[in-house]
1. Condition first: of a type in the set (A, V, I, L, M), out of contact with any Asp or Glu (no Cβ under 7 Å at 6 or more places or on another chain) and over 20 Å from Asn454 (Cα atoms). Can you find one or more residues in segment 108-130 that meet it?
2. For the subset of segment 130-155 comprising residues that are surrounded by fewer than 18 Cβ atoms within 10 Å (Cβ to Cβ) and of a type in the set (Asp, Glu), which member is farthest from Arg104 (Cα to Cα)?
3. Please tell me if Arg62 is buried (at least 21 other Cβ atoms within 10 Å of the Cβ), of a type in the set (Lys, Arg) and at pLDDT below 95.
4. Is it the case that some residue within segment 289-296 is surrounded by 15 or more Cβ atoms within 10 Å (Cβ to Cβ), closer than 30 Å to Asp446 by Cβ, at pLDDT 85 or above and over 28 Å from the mean Cα position of the chain (by Cα)?
5. So in segment 244-273, with the set limited to residues that are among the β-branched types (Val, Ile, Thr) and crowded, with 18+ Cβ neighbours inside 10 Å, which one is nearest to Ile123 (Cα to Cα)?
6. Can you tell me how many residues within segment 426-461 are closer than 30 Å to Val255 by Cβ and of a type in the set (S, T, N, Q)?
7. Please verify whether segment 67-82 includes one or more residues that are of a type in the set (Val, Ile, Thr), closer than 30 Å to Glu276 by Cβ and crowded, with 21+ Cβ neighbours inside 10 Å.
Amino acid sequence: MTRNAKTLKPEAQPRARQIHFADRMSESDAVMWRIESDPQLRSTITAVWTLDGSPDWRRFERKLERCTVDVPRLRQKVVSDPLGLAPPSWESDPHFDLGFHFRRVSAPGEGTLRDLMTLAQPIAMQGFDRDRPLWELTRVDGLEGGRVGLILKLHHAISDGVGLVRMTEGLVERGPEPQPHDDISFAKQPEVETPTDWQRTRDAVEFGVRTGFGRAASVTRALAEGIGRAAREPVALGESIRDGASSLVRLLAPVSEPMSPVLRGRSLSVAFDVIELPLEDLKRASRAVGGTLNDAFVSVVAGGLRHYHEALGMPVDALRMNMPINMREGEAGNDAGNQFAPVRFAVPISTVDPAERMLQIHDLVIEQRAEPALSWLEPISAAIGSLPGGGAASFAGSMMKAIDFTTSNVPGPRFPVYVSGARVERMFGFGPLAGAAINITCFSYDGTLAFSINMDPAAVEDPGLFGECMRKGLDEVLAVV
């Protein structure tokens, strides 16, 4: 249990027990945090919701306050280990101010969805204040038709997309009526005790020693098992070592430039677009070829990229894609933080037949999920994070800045949800570029799929054309049925 969890009142704890919040980042979360010394590698998640009307804001602010207690990360800041022996820790912010994190603005222009996206773009571009908890929520009044927008910005070191959905459950309800706890006021929270540098150093040393012994024991067990297996199955062991080494090279190999002849520029800016369709339509297309929803989604993206390159007179055979592989399972699936393994691989773009393209992608994804090195993510991350100076950012940049596009598939609520009386009409989730030219996240909500497209305008110089090409790719896949 974290320092924050000990301060919760009994009625505030049920949701907090469902997710375990460690006192320190995992090694992989720490790498995500450290590599931001290069701002092009920032990992910011931006969620955009539209509501059918104005919520009861007094009720919502009480719910938001409760959520920041149920989810300790929302009241914690990151503190680095003074000696560099351990990943950064999460410490309660003694100066936590809800008013800093929850802002209010008016919609620009006529308050259209496009105007809301335009407002969200610079919010997503801005770096976080690293002396405060790593999230911001912006209320947007004045959308057309009396609607209201919410823009939630969260650092990826806090959680992945799946974890974010679970962490924000405290903000939504199954109906518009007030909930039993809505009118319960919190007792004043105890003052936060800020650790001294000496306490932080002592904790880091203890963590380093404990972790070191654990890794040494793991290595000893592995060596003992390896020696025994070598005696019994020398050929099989040799093949296993060879396959593991090859997998490690594929996972970490640096690349010098993108495969795309046009998606080459990089900047600190973003451009947003969205495409929506009924969830069942894409499911039907995937079933028609015996594939998965994710196969159909990636096939749409690949088809759109083919049309875009052809429209610019620069056709390509394949592009490099980054795809997070969800590793949440068992009890560990309840841990906060990120539980995914990123894989990079070439995806066929020139395949015209969408059914054939889906089958190619299906086989490729199965192959990537079977990579042996995926299970070594934490020790690999520890090694990267230990590189001196800006070594971690340089090493990560050598892998990430040549990625042509990233795809991610995040399931959201399968039923309508409400925010303090107002129904959530739309949900979009924009993943970070983190060096890539494009990130397209497929997010499902209440029977609707939304493709949230995040583009680097230095790479995608004609976002309007890119959106048109993505819709062509979608039409191709839907026509498979």
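The values are calculated or read from the model by the stated rules, or taken from the named source; none is laboratory data. Predicted model, so just to flag it, every value in this text is computed and none were measured. All Cβ positions, glycine included, derive from the backbone under ideal geometry; neighbour counts span all protein chains shown.
1. No, that holds for no residue.
2. Step by step, filter segment 130-155, then rank; the result is Asp131.
3. Numbers: buried (at least 21 other Cβ atoms within 10 Å of the Cβ): no; of a type in the set (Lys, Arg): yes; at pLDDT below 95: yes.
The answer is no for Arg62.
4. Going through segment 289-296, the residues surrounded by 15 or more Cβ atoms within 10 Å (Cβ to Cβ) turn out to be 289, 291-296.
When the remaining residues are screened for being closer than 30 Å to Asp446 by Cβ, the result is 289, 291-296.
Filter once more, so that each one left must be at pLDDT 85 or above: 289, 291-296.
Restricting the remaining residues to those that are over 28 Å from the mean Cα position of the chain (by Cα) gives 289.
Checking segment 289-296: at least one residue is surrounded by 15 or more Cβ atoms within 10 Å (Cβ to Cβ), closer than 30 Å to Asp446 by Cβ, at pLDDT 85 or above and over 28 Å from the mean Cα position of the chain (by Cα).
5. Step one: of segment 244-273, the residues among the β-branched types (Val, Ile, Thr) are 249, 255, 262, 270.
Filter once more, keeping what is crowded, with 18+ Cβ neighbours inside 10 Å: 262, 270.
Numbers: Val262: 27, Val270: 10 Å.
By that ranking, first place goes to Val270.
6. Count: 4.
7. Pass one, segment 67-82, residues of a type in the set (Val, Ile, Thr): 68-69, 71, 78-79.
So of that shortlist, the ones also closer than 30 Å to Glu276 by Cβ come out as 71.
From what's left, crowded, with 21+ Cβ neighbours inside 10 Å: 71.
Within segment 67-82, one or more residues are of a type in the set (Val, Ile, Thr), closer than 30 Å to Glu276 by Cβ and crowded, with 21+ Cβ neighbours inside 10 Å.
Quick grid of which residues meet (1) surrounded by 22 or more Cβ atoms within 10 Å (Cβ to Cβ); (2) among the hydroxyl-bearing types (Ser, Thr, Tyr); (3) over 21 Å from the mean Cα position of the chain (by Cα):
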residue	(1), (2), (3)
Glu367	no, no, yes
Ala370	no, no, yes
Pro388	no, no, yes
Tyr418	no, yes, yes
Phe428	yes, no, no
Ile440	yes, no, no
Asp446	no, no, no
